[in-house]
Amino acid sequence: MSFPDHPHPSDPNRPENPGATAGNALTQVTAKSFTSENPPPAADRTVPPPLPFEPPPPSLATRLLRRIYNHNPFYLLSVCFVLHGTRFWLRDGASLNSAWQFMAVICGFILLLDLTAFVIVRWGKVWDDARTILLTLLFLFVTLALTFDQTLLSQPLMGQALLVGGFLFCSLVTEGLLLGLGIRLPALFRIPYYLQLGLLFLYPVGLQPDATTDAASLSWRIWLFSPLASIALLSLVPAIRQGRAYVKHNGTPWAWPLFPWCVFVFLGLGLGYRAFALSLSFDPVMSLDTAAASNLEAAFGGWFLIPLILAAGFLLLEIGRVERLPIVERLALAIPAFALLLAFPTVGRSLPHDEFLTMFRAALCAPALPTLVLMTFYYSYAFLKGVRYAQECLCAAVLMFAVVGLDSINLRTLMPIQPWPLATVALFQLAMGIRDGRSPRVLFGLMCAAAAVRFGNWGLTSMMLRNALWFGSTEAALIGVSWWYRDRFARAIRPLSAWVMAAFAWGLLEWPEQFEPRVPAVAVTGSVVLMGVLAVVLSRRMPSLAWYFLGWFVGAAGTLRTGMIAYSLARFYRGPLDIDSLLLGAAFFVLAILISTAKGGLLQKVGPWIPAPPDVGPWESSRGT
């Protein structure tokens, strides 16, 4: 195999682009098939580039060790084992004699963690581990606040000294840590922090029973902790309204919301557990029955936490509104529904709980009613601030007043439906729907008004007539909205309103004599004839084929049923007359008139007055709706 020689540059026959000629020759050569006996030239052998080196994926053990190294959970494990090692001080009354020793151990460990955080941040800048230490310190603060309840009951002076001293110690540790690490916690966050920490430590001091304390007042003071804790949580609202820029330069690499909200989430959980622990430690039944105490039977119920839950939801609502976070706003709107579920307690869970629930209902009311009142204010605020879906939540809360009363603790104790919440929602939805031009809101308002008429006391003795008025008012609302509005929703409900009208007409024709005795059956069936005529007329305005054909059908059925009732009444009151002969005579007379008008061409002149099927066009097509 040979390659063509390149021409000399001085050759006159040299091509203008010699590279192209050489390239064509090389293409012809490389296009040949080469075998092991006939290998390609060394210049034609292509060497593939080396593949990039891909290290093997780390093993499960490597990934686990890396995660442990990054998050360093050993500070928390150390605290857990230290608390477990001091458990003998909390058993068999040993903590009453060794409370100061336990206090010294816990405070010493807190100081050790405080010093460790200072060292690793000042000289190592290990802020991830410092965050773990700070949360661990909060856990120890809560543990210290929950430890000395029994000491306070058995030795009041020592218990008061331990709780007050613990609060002062934790406050000094907090300030020292903030100052030593250069963490800037603004005043609008620092004041709520000390309010919540003070409730954890100092509220049990006010529960210390004496000779004049009765069981009822002590139970009320235990329950009162939750409303006071909710006020402490709501003290964070001014800080939230400052926005995230308020803690932007905090002296740490932690950004909002990790700083400072991880602290307050932990304290909020501690407040909830403190509400439960107070009932375990200070409930008057507990001091009388050791078996009940070991079984954790106390007056505490989930509804004790309702003020705390609503306060936490309000904080989320403010965060979502100020920071413009729609997901947080939706979550905040759902939290009151969870609180309402807790407002229907389980009766029979424990004797102390049932006793306090009975006392609460006798003094105030069942927990559900005040929860609904708080929910109404909650959603009203959200609606006034323009939170999306708050209007629907507010209407749902008001509608709940129709069945929830002073003694409603379960489904069996709900009230009969009251008309005033339905009327309130009807007026509100009608006003908002007319203002915004929203046909769904107008329809919902009209339906609530119809329900208020149905469940109100208007002097109607016949339940059938009241149901008929309700059904008829609902049908009138459907007709009015589908006739007046031109949006997609109004066009979509037109066939539905026609079928509802047909069902209503069928009920009137089937049971005309079941209504108010003062309403004659002929008047009931006659109204069906008018409904059919109205349907045919409205079918031209809609326009709607369903209304047109169902209108003719309903009108014909109503006419037939009215004639049958009139015939029965005539036979009953006929006297000496032969009703059948008179009716046949009248029928033949009408037939004769029709034949005469047909001969004279008058039917062609009457025809245009009969409504024709409407020209639907795109109105009821799937794209039009």
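Values computed for the structure shown
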{"item": "Criterion: at pLDDT 80 or above, over 26 Å from residue 417 (Cβ atoms) and either open to solvent by 30 Å² or more (accessible area, probe 1.4 Å) or part of a helix (DSSP H, G or I) (or both) - qualifying residue of 454, 486", "result": "486"}
{"item": "One residue from 423, 397 being of a type in the set (Gly, Ala, Ser) and more than 18 Å from the chain's Cα centre (by Cα)", "result": "423"}
{"item": "Exclusive hit being closer than 20 Å to residue 404 by Cβ, in contact with a helix residue (DSSP H, G or I) (Cβ under 6 Å, 6 or more places away or on another chain) and either open to solvent by less than 50 Å² (accessible area, probe 1.4 Å) or free of Cβ contacts under 8 Å to residues at least 60 places away in the same chain (or both), set 357, 342, 374", "result": "342"}
{"item": "Only listed residue being open to solvent by 20 Å² or more (accessible area, probe 1.4 Å), closer than 28 Å to residue 310 by Cα and touching a helix residue (DSSP H, G or I) at 6+ places or on another chain (Cβ under 7 Å), chosen from 224, 236, 202", "result": "202"}
{"item": "Residue in the stretch 507-518 that is part of a helix (DSSP H, G or I), exposed (fewer than 15 other Cβ atoms within 10 Å of the Cβ), acidic (Asp, Glu) and modelled with pLDDT of 85 or more present", "result": "no"}
{"item": "Selection count where residues are surrounded by 19 or more Cβ atoms within 10 Å (Cβ to Cβ) and farther than 26 Å from residue 357 by Cα, scope the stretch 392-422", "result": "6"}
{"item": "Test: residue in the stretch 403-410 that is part of a loop (DSSP other than H, G, I, E, B) and either without any contact (Cβ under 8 Å) to a residue 12 or more places away in the chain or among the acidic types (Asp, Glu) (or both)", "result": "yes"}
{"item": "Residues that are under 17 Å from residue 306 (Cβ atoms) and surrounded by 15 or more Cβ atoms within 10 Å (Cβ to Cβ), drawn from the stretch 324-337", "result": "332, 333, 335, 336"}
{"item": "Failed item in (1) assigned to a loop (DSSP other than H, G, I, E, B); (2) of a type in the set (A, V, I, L, M); (3) open to solvent by less than 60 Å² (accessible area, probe 1.4 Å), with residue 255 passing the rest", "result": "(3)"}
{"item": "Failed criterion for residue 267 (all others in (1) in a loop (DSSP other than H, G, I, E, B); (2) among the aliphatic types (A, V, I, L, M); (3) modelled with pLDDT of 90 or more hold)", "result": "(1)"}
{"item": "Selection count, the stretch 567-585, where residues are open to solvent by less than 70 Å² (accessible area, probe 1.4 Å) and modelled with pLDDT under 70", "result": "4"}
{"item": "Filtered residues of the stretch 279-311 (kept if hydrophobic (A, V, I, L, M, F, W, C) and modelled with pLDDT of 90 or more)", "result": "303, 304, 305, 306, 308, 309, 310, 311"}
{"item": "Qualifying residue in the stretch 430-440 (condition: within 29 Å of residue 371 (Cβ to Cβ) and either over 27 Å from the mean Cα position of the chain (by Cα) or crowded, with 20+ Cβ neighbours inside 10 Å (or both))", "result": "yes"}
{"item": "Considering residues of the stretch 135-178 that are open to solvent by 30 Å² or more (accessible area, probe 1.4 Å) and without any contact (Cβ under 8 Å) to a residue 40 or more places away in the chain only, the residue farthest from residue 271 (Cα to Cα)", "result": "157"}
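The values are calculated or read from the model by the stated rules, or taken from the named source; none is laboratory data. The model shown is predicted, which means the values in this text are computed figures rather than measured ones. As a convention, Cβ positions derive from the backbone with ideal geometry for all residues, glycine included, and neighbour counts pool all protein chains shown. These accessible areas exclude ligands, DNA and RNA; they are computed on the full protein's heavy atoms, side chains included. Shrake-Rupley method; radii C 1.70, N 1.55, O 1.52, S 1.80 Å.
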